[in-house]
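The values are calculated or read from the model by the stated rules, or taken from the named source; none is laboratory data. Because the structure is predicted, anything quoted here is derived from the model rather than measured. Every residue, glycine as well, gets a Cβ built from its backbone with ideal geometry; the counts of neighbours run over all protein chains shown.
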Amino acid sequence: MLQVGNLFLTYNNQIMKTLTSAILFAVLTSTAFAQNLSVPGTYSSSTGYSKILTNSSTSNFGIGTSAPDALLHVSGADLKVSHNTFPKINVRLDAMAEPAIIFRRWTGTADVSHTAKIGQFFIGAGEYALGFGLGAFNGATLPTTHAMTIRLNGNVGIGTDDPGSYKLAVNGSINAAEVKVTATIPGPDYVFEKDYKLPTLGEIESYITKNKHLPEVPSAKEMEENGLQLGEMNLLLLKKIEELTLYMIEQQKRIEQLETKVK
């Protein structure tokens with residue numbers, strides 16, 4: 001066993017004698033030694049030293065585990081990369097029940113940091129979702145509000161953890177330079193076909209008197225309860241405009257006929 005400061009090294013469970021720095025470096029970097037290196041940690045009379053770091057015959061390094069199954073395997077701890085002068089500015093890979101990558105930048109006030117978190121969280125019914133959270137870290141509590149959530153089925157929620165059956169659900173307003181809606185129903189140009197049965201204005205009047213809204217158009221209550229399908233509603237409004245155009249053409253013909261009779 002070799003003690004370097006407070007660090008004890010064992011090689012094939014054999015005690016290592018005091019070595020010069022050059023010889024020690026040569027031994028540490030040799031393939032044979034690298035495959036059998038261990039750094040003991042806390043000592044127990046029943047189990048001996050717990051291994052802080054070990055290297056297996058596969059050249060996988062383990063921290064906190066004696067059976068690493070990856071090039072670097074850390075068990076029972078987090079990985080942290082911090083600023084060399086301001087350690088409260090750091091990135092952590094937290095190996096928690098809900099694993100996450102956490103970015104923290106110290107605000108300069110006590111333990112309060114601006115924090116961003118990308119990780120899994122339990123959504124219910126055996127499902128874990130991927131969440132992107134922002135907020136203040138007070139030294140004990142991480143952000144629990146997710147700015148964006150990606151569910152197991154690929155549906156995305158912004159401002160909500162439950163996008164439902166929508167591929168994208170946004171709880172809030174959206175500002176866009178342009179929005180393209182793919183039409184899933186035929187355009188209403190069939191209104192101009194000769195066999196199209198245009199309702200009479202009398203029929204329209206009777207329907208409005210009874211229902212307080214235009215035919216085919218959802219009522220105000222239905223809109224409030226179910227929302228609006230933008231593509232469907234735009235095509236429906238276009239249909240009403242086309243029908244209105246036909247009414248205007250018919251009215252114009254009647255006006256011209258009356259003017260002819262007056263002359």
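Quick check: is even one residue across segment 145-152 at pLDDT 85 or above, assigned to a loop (DSSP other than H, G, I, E, B) and not small (Gly, Ala, Ser)? Yes. Yes or no: Lys194 more than 30 Å from Gly164 (Cα to Cα), of a type in the set (D, E, K, R) and assigned by TED's automatic domain parsing to the domain that holds Gln251? For Lys194, the condition - more than 30 Å from Gly164 (Cα to Cα), of a type in the set (D, E, K, R) and assigned by TED's automatic domain parsing to the domain that holds Gln251 - is met.
For segment 158-211, give me the residue count where each residue is within 30 Å of Glu127 (Cα to Cα) and not aliphatic (A, V, I, L, M).
So in segment 158-211, the residues within 30 Å of Glu127 (Cα to Cα) come out as 158-174.
Within this subset, residues satisfying the condition of being not aliphatic (A, V, I, L, M) are 159-167, 171-173.
Counting residues in segment 158-211 that are within 30 Å of Glu127 (Cα to Cα) and not aliphatic (A, V, I, L, M) gives 12.
Residues of segment 194-217 that are in a loop (DSSP other than H, G, I, E, B) and over 13 Å from Lys240 (Cβ atoms): Lys194, Asp195, Tyr196, Lys197, Thr200, Lys212. Screening the candidates Lys221, Lys197, Lys212, Lys180 for the property of being loosely packed, with under 11 Cβ neighbours inside 10 Å and touching a Ser or Thr at 6+ places or on another chain (Cβ under 9 Å) yields one hit, Lys212.
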